[in-house]
Amino acid sequence: MSTIAMPDDKLEALASDRRRIFRWVLFLLSGLLTALALELPSRADETRTLIIPANDGYGFEECLKAGSQCGLIVADAWCKAHGFGASKSFGPETEDTADASPGSFLVTCADHVD
């Protein structure tokens with residue numbers, strides 16, 4: 001097996017080229033990651049609102065009315081049953097939401113599961 005000996009100045013030139021290419025790759029990669037980070041939406045405060053029809057058959061309409069003691073328990077259970085975090089608020093639907101039938105209840109859930 002023969003080894004090819006390269007002059008030191010050629011080895012230094014190859015090493016310099018590799019370092020220059022590596023710096024450009026790192027520069028482009030960091031620019032790409034920065035652009036992606038700026039485009040991704042923040043999900044820290046996102047919530048989900050669930051609409052519960054008034055006559056859904058579960059019979060917890062009394063609990064979801066304002067001032068009820070069992071409302072928080074029912075709202076938390078409803079959110080967790082649908083894969084969301086704990087409830088943030090609940091109550092009767094008052095804004096005439098397009099998807100909600102009259103007398104419906106709204107439960108606002110945290111986006112992440114605790």
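The values are calculated or read from the model by the stated rules, or taken from the named source; none is laboratory data. Predicted model, so just to flag it, every value in this text is computed and none were measured. Cβ coordinates were reconstructed from backbone atoms using ideal geometry, including for glycine residues, and neighbour counts include every protein chain displayed.
Taken as a whole, the condition of being under 21 Å from the mean Cα position of the chain (by Cα) and either exposed (fewer than 10 other Cβ atoms within 10 Å of the Cβ) or modelled with pLDDT of 85 or more (or both) does not apply to Ala5. The number of residues in the range 48-71 that are exposed (fewer than 15 other Cβ atoms within 10 Å of the Cβ) and not in a loop (DSSP other than H, G, I, E, B) comes to 1.
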